[in-house]
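*Asks:* Would you mind keeping the following structure in view while I ask a few things?
The values are calculated or read from the model by the stated rules, or taken from the named source; none is laboratory data. A quick note: this is a predicted structure, and the numbers were derived from the prediction, not measured. Here the Cβ positions follow ideal geometry from the backbone for every residue, glycine too, while neighbour counts run over all protein chains shown. The accessibility values were calculated without ligands, DNA or RNA, using every heavy atom of the protein model including side chains. Shrake-Rupley method; radii C 1.70, N 1.55, O 1.52, S 1.80 Å.
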Amino acid sequence: MAAFAFRELSTIRAFITFNGIRLSWSTTPRHFQSTDSPSGQGTSSGQVQDDQSTAQQNQGSRKSSTQSENDYDRDIARQILAASIPFVNKSGWTKAALSEGAETLGYAGIAHGMFPLGGVELVNYFYTSCNEKLVEKLKQEYESLPEGKSPDPEVVVCNAVEARLRMITPHIDRWPEAMVLLSIPRNVPTSLANLLTLVDDICYYSGDRSVDVRWYGRRIGLATVYKMTELYFIQDQSEDHKATWKFLQQRVEEAVQLQRILHEAGISPKIALDTISATFDAARSILRIR
C-alpha cells in the first residue's frame, strides 16, 4: 500500500486542491441547429427559430428531469448509508447493515442493491463524513486565531489526527474489517484518495502553503504518520488511548526532525521520496508481500 502511494501520488496530486480532492465535472450541451427548411415546406426563419427554441427547452427539461432523478437517487443513497451506520457494530461493514438501514427508512431490504460495491461503500461514506466533520472543526479553529497569529503546525497536526481517530471510537472493534475492505486492490484508489484528502486538509489548516516539491513530502509524511497511528490506535488498550497520543506525538516530532535534516543536508525531497519508495519495494519483496 505504501509503495503504491508513492508511485501514484504524482497522478493524484493533479486532482487535489487546498481543500482536498474536489473533482468538478461540467458539460456544455452542443445544440446542432439548421436553418435549412424541409423540401417543399417553405418554413419561415421565424418558425425555425421558434422550433429551435422549443427543442432547446424540451432538451433542457429532459436534462433537468434526469438531473433531478439522479439527485433524488443520491439523496436516498446517502440517507440509507447514514441509517446503516448504527448497525455496523452488529452486522459489520456489510450488505446486511445496508439492508437494515434501508428497512428503518421504509425501503425494502433489497435496497442494498443500490450499492454494487457492497460494504466498502458504507466504509467510504463513514470515512468521508468524518473527514468533512474534521474540516469544519479545523476551519473554525483556524478562523478563531487572533489576527496576525499563525497556527503551530505540530500542535494542529497532533490535535487533528487525534480528533479524526477518535471519530472511529464508536466502531473501533469493527474498524479492522473496514481497513481490510479499503486495502482490497479495486478499492485502493478511492481509499487512497480519501486518505490524501484528509492529510491535505490537515496540512492546509496547519499553515502549509507550499507549492513546490515539499508539498509531496509533507503529505506523504503525514499520511504515513496517520496510518501508523491508526494501526496503533485499534490495538491500544490504555486508558483513553493515552499510549496512542504519546505514540502520535513521537511520530510527528520524528517527521519534523527528518524534514529539517533533509533541508539542512540539501537533499531534494523528491530524491528522499524515491529512496523511501525503493526501500518499501525492497521490504515488500523480502517479506513477500503482494
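*Asks:* Which one of Gln79, Gln41 is of a type outside the set (Phe, Trp, Tyr), assigned to a loop (DSSP other than H, G, I, E, B) and either exposed (fewer than 10 other Cβ atoms within 10 Å of the Cβ) or at pLDDT 90 or above (or both)?
*Replies:* Numbers: Gln79 fails: assigned to a loop (DSSP other than H, G, I, E, B).
Just one listed residue meets the conditions, Gln41.
*Asks:* More than 16 Å from Lys133 (Cα to Cα), open to solvent by 40 Å² or more (accessible area, probe 1.4 Å), hydrophobic (A, V, I, L, M, F, W, C) and not in a helix (DSSP H, G or I): does that describe Val211?
*Replies:* yes
*Asks:* When you scan the stretch 154-180, how many residues do you find that are among the hydrophobic types (A, V, I, L, M, F, W, C) and open to solvent by 30 Å² or more (accessible area, probe 1.4 Å)?
*Replies:* Here is the first cut: in the stretch 154-180, the residues among the hydrophobic types (A, V, I, L, M, F, W, C) are 155-158, 160-161, 163, 165, 167-168, 172, 175, 178-180.
Those still in the list that are open to solvent by 30 Å² or more (accessible area, probe 1.4 Å) too: 155, 167, 172, 179-180.
Looking only at that region, the number is 5.
*Asks:* What is the residue count in the stretch 117-148 for residues that are open to solvent by 30 Å² or more (accessible area, probe 1.4 Å) and hydrophobic (A, V, I, L, M, F, W, C)?
*Replies:* Going through the stretch 117-148 one residue at a time, the tally reaches 2.
*Asks:* Something else: Within the stretch 263-275, is there a residue that is of a type in the set (S, T, N, Q), in a helix (DSSP H, G or I) and modelled with pLDDT under 80? If you could, list the steps in order and put the result at the bottom.
*Replies:* Residues of the stretch 263-275 that are of a type in the set (S, T, N, Q), as a first pass: 268, 275.
Filter once more, so that each one left must be in a helix (DSSP H, G or I): 275.
Keeping just the survivors that are modelled with pLDDT under 80 gives 275.
Among the residues of the stretch 263-275, at least one is of a type in the set (S, T, N, Q), in a helix (DSSP H, G or I) and modelled with pLDDT under 80, which makes the answer yes.
*Asks:* Just to be sure I understand the filter: pairs with C-beta atoms under 9 Å, separated by 6 or more residues or on different chains, first member in the stretch 170-189 and assigned to a loop (DSSP other than H, G, I, E, B), second member open to solvent by 60 Å² or more (accessible area, probe 1.4 Å). Which pairs pass?
*Replies:* Final answer for the pair search is Asp173/Asn89; Arg174/Asn89.
*Asks:* Right, here's the next one. Would it be correct to say that Pro151 is without any contact (Cβ under 8 Å) to a residue 60 or more places away in the chain and exposed (fewer than 12 other Cβ atoms within 10 Å of the Cβ)? Steps first, answer last, please.
*Replies:* On the way: without any contact (Cβ under 8 Å) to a residue 60 or more places away in the chain: yes; exposed (fewer than 12 other Cβ atoms within 10 Å of the Cβ): no.
No.
*Asks:* Tell me, yes or no, whether the stretch 99-106 has at least one residue that is open to solvent by 10 Å² or more (accessible area, probe 1.4 Å) and either at positive phi or outside any helix (DSSP H, G or I) (or both). Give the derivation first.
*Replies:* So the first thing to find is which residues in the stretch 99-106 are open to solvent by 10 Å² or more (accessible area, probe 1.4 Å), and the list is 99-100, 103-106.
From the residues that got through so far, the ones that are either at positive phi or outside any helix (DSSP H, G or I) (or both) too are 105-106.
Yes, that holds for at least one residue.
*Asks:* If you don't mind, there's one more thing I want to ask. Output the qualifying pairs, or none if there are none: Cβ atoms under 8 angstrom, residues six or more apart or on different chains, first residue in the stretch 218-243 and farther than 19 Å from Asn194 by Cα and not assigned by the TED database to the domain that holds Asn194, second residue at pLDDT 90 or above and in a helix (DSSP H, G or I).
*Replies:* Close Cβ pairs (under 8 Å, with a partner that is at pLDDT 90 or above and in a helix (DSSP H, G or I)) do not exist here.
*Asks:* Let me ask something else about it. Just to be sure before I move on: is Ser210 closer than 21 Å to Ser91 by Cβ and of a type in the set (S, T, N, Q) in the structure I sent? Talk me through it step by step, then tell me what you get.
*Replies:* Details: closer than 21 Å to Ser91 by Cβ: no; of a type in the set (S, T, N, Q): yes.
It is false that Ser210 is closer than 21 Å to Ser91 by Cβ and of a type in the set (S, T, N, Q).
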